[in-house]
Amino acid sequence: MRILFKTNYKQDLNLAKHSGHRFWYGLLILVLLAAPLILDGYYIGEATRVLIFAMAGLGLMVVTGFTGQVSLGHAAFLLIGAYTNAWFLAQGFSSFIALPMAALLSMIGGLLVAIPAARMSGIYLAIATLVFAIIVEDVAGHLSSITGGNRGMMVDVPMLFGYQIWQSWELYLFVLIILVAATLIVLNILRSPLGRAMIAVRDSEVSSQALGVNPMKIKVFAFTVSAAITGLAGAFLAHYMLFLTPQIFGILLSIQLLLMIVLGGLGTVHGVFFGAVLIGVLETGISIAKDALPSSIGGLPGIEPLVFGVILVSVIAFEPTGIYSRWVKIRSYMEFFPIYRRKSFKRQRVYLKTERLK
Amino acid sequence: MSFLEIKNLSISFGGVKAVDDVSFSIEEGSVYAIIGPNGAGKSTIFNLLSRFYEPLSGQLNFSGNELLELGAKDIARLGIARTFQNLELFEHASVLQNLLVGRHVHNNQSWWRQMLFTRSVVEAELEHRRKVEEVIDFLELAHYRNQMISGLPYGVRKKIELARALCIEPKLLLLDEPSSGLNPEETEEMGFWIEDIRRDLNITVVLIEHDMSLVAEVSDRVLAIVNGRVATEGSHAFVQSHPDVVSAYLGDVK
């Protein structure tokens, strides 16, 4: 068990609170960087997908987990990012232009949704974002001069300094670096006044106003940052997919993203990564298991949704606050061993939040 | 010109006149209590001051500023802080984070600096932290600093809400039933704090309160509201013996 001796307020501002954090997160980064040396191409591809989904989830977490605005339309930002990136690469621009443009265009999309959406909440917001995603998907289908329409669009490989990224491990490292940078930015937002204002808006909009926070501004900010990060994820998703059609970015993808962060643990950065790893491992695991099983079972249609559903339902039933809170329990079990008590994490009653004043 | 001046304030919800032509003014540095039976419109006056509601008519003037020209989010910037009757804390955040949100009006760092967490943001954060720690010391909350709100007992939450309001460094503090849900010792403690807030921090306090002993202990003037109208205003002893107030609480003697 570690007891922190604090002598300076600055210690509370540091991202790594003690040497243990520095060691374990450092080790994690090293392992991730070294992964291409150990794993073969197929698994590196799968890992890349996990990282891309983590990036998209990170974007969604900003708006849903930290600001409390449910979005059922984040696939739209993935779409905007993916097509923008592909289009700019196709015009011969390098990734230095294409990636920022993907983030920027997605950000503008986020701004367009946010300005009306900041006035909505709950189920109405969910419907509005859902409709936005459907419109974007439809527009992408019809703008065939740019997007290739429903016939689809080939994606060129990323270009950096005139160097084309062909290898899967190169793409993996590229995604990893951008993901770490995006995570650091989100962590910075969270430890500064903006992040606290976001949490304030999520937990009580009324009192956040009484403390001088402008909920509209904060929501618009959250949507914009969220859309930018998700747009970047979309750009990388395009490279992972190699071929884009609007149908990839349907409602199912939005729901998958939302499920991912809820399973991982809403309102935590850890939750994003737990969720992405869980979904990634499940999908890869199921497809490997299907090959291993006799074809009479493995070949059955609809086995993925079944296994997926069972696991999702059991996580929700046994750990409704997500995998992150299970992780907290395991960690404190080890920290307090042998005096850990189950009761310290007894589930308490949670009261439904209502808007009492309006 | 008074510190806070409320003139002919009215609001109705459907057919109910919740606040009906209420006027009063508050002097700087005083403690002003608003009493009245449940549903009399006391909290509605606070919500009007916070600009959560739009009044039908009336004027709200706070040291030269017309509050009706401003929005709910601008009120704190003028130096008006408040607490809520049914606690509105940020449940899934630590005590420290809650108090730091109280410093929001003093934040002047641009969003991109915050994203990069530059040196100036660090400096500003340390300054906010020092101010928050002053309030933590003042209200003796050091023990709870890093705990989540959702795990804390009611009495402590009440204190944290007061602390969060003080972090704004307000000139005017609106307390909506500061003693509700507190036991007698805690209520007495609350009385001392209100005294200290007025004397040491030089903050004008307006409180809505049902506990008459607390009202008697801390307030300079008392306003009695009955059915949305001003029943009477004056010193505590005067108001408590006023026939309209007595009949509102106890019923008419026929």
From B:R145, B:R129, which residue is touching a Leu at 6+ places or on another chain (Cβ under 9 Å), farther than 24 Å from B:V205 by Cβ and more than 9 Å from every other protein chain (Cβ to nearest Cβ)? B:R145
For segment B:37-74, how many residues meet the condition of being touching a Leu at 6+ places or on another chain (Cβ under 8 Å), among the small types (G, A, S) and free of Cβ contacts under 8 Å to residues at least 60 places away in the same chain? 2
Determine if segment B:39-60 includes at least one residue that is surrounded by fewer than 21 Cβ atoms within 10 Å (Cβ to Cβ), more than 12 Å from the chain's Cα centre (by Cα), more than 9 Å from chain A (Cβ to nearest Cβ) and farther than 24 Å from B:N227 by Cβ. no
Of A:G265, A:G231, the only residue that is buried (at least 18 other Cβ atoms within 10 Å of the Cβ) and within 30 Å of A:A86 (Cα to Cα) is A:G231
Residue hits (segment A:234-251; among the aromatic types (F, W, Y) and surrounded by 24 or more Cβ atoms within 10 Å (Cβ to Cβ)) are A:F236, A:F249
Please indicate, with yes or no, whether at least one residue in segment A:166-183 is modelled with pLDDT of 95 or more and not hydrophobic (A, V, I, L, M, F, W, C). yes
Which residues, counting only those in segment B:61-79, are under 16 Å from A:V206 (Cβ atoms) and either of a type outside the set (D, E, K, R) or more than 8 Å from every other protein chain (Cβ to nearest Cβ) (or both)? B:G71, B:A72, B:I75, B:A76
Inside segment B:80-102, can you point out the residues that are more than 7 Å from chain A (Cβ to nearest Cβ), more than 15 Å from B:L152 (Cβ to Cβ) and at pLDDT below 95? B:Q85
Residue satisfying all of: in segment A:103-125; surrounded by fewer than 19 Cβ atoms within 10 Å (Cβ to Cβ) and hydrophobic (A, V, I, L, M, F, W, C); nearest to A:T67 (Cα to Cα) among these: A:M120
If I ask for residues that are polar (S, T, N, Q) and outside any helix (DSSP H, G or I), which ones from segment A:74-130 would you list? A:Q91, A:S94, A:S121
Just wondering, is there one or more residues in segment A:40-56 that are farther than 28 Å from A:F223 by Cα, in a helix (DSSP H, G or I) and among the charged types (D, E, K, R)? yes
Considering (1) within 14 Å of chain B (Cβ to nearest Cβ); (2) surrounded by fewer than 24 Cβ atoms within 10 Å (Cβ to Cβ); (3) polar (S, T, N, Q), say which one A:S144 fails and leave the rest. (1)
Going residue by residue through segment A:268-286, is there one that turns out to be at pLDDT 80 or above, surrounded by 14 or more Cβ atoms within 10 Å (Cβ to Cβ), of a type in the set (G, A, S) and more than 15 Å from A:A54 (Cα to Cα)? no
In segment A:210-220, what residues are part of a helix (DSSP H, G or I), buried (at least 24 other Cβ atoms within 10 Å of the Cβ) and either acidic (D, E) or facing chain B (nearest Cβ under 8 Å) (or both)? A:A210
Just name the residue that is surrounded by the most Cβ atoms within 10 Å (Cβ to Cβ) out of those in segment A:13-39 that are touching a Lys or Arg at 6+ places or on another chain (Cβ under 7 Å) and assigned to a helix (DSSP H, G or I). A:L13
Sole exception among (1) among the hydrophobic types (A, V, I, L, M, F, W, C); (2) at the interface with chain A (Cβ under 9 Å from one of its Cβ atoms); (3) touching a Lys or Arg at 6+ places or on another chain (Cβ under 9 Å); (4) farther than 30 Å from B:N38 by Cα for B:I136, by number: (2)
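The values are calculated or read from the model by the stated rules, or taken from the named source; none is laboratory data. Nothing here was measured: the structure is a model prediction, and the numbers come from that model. All Cβ positions, glycine included, derive from the backbone under ideal geometry; neighbour counts span all protein chains shown.
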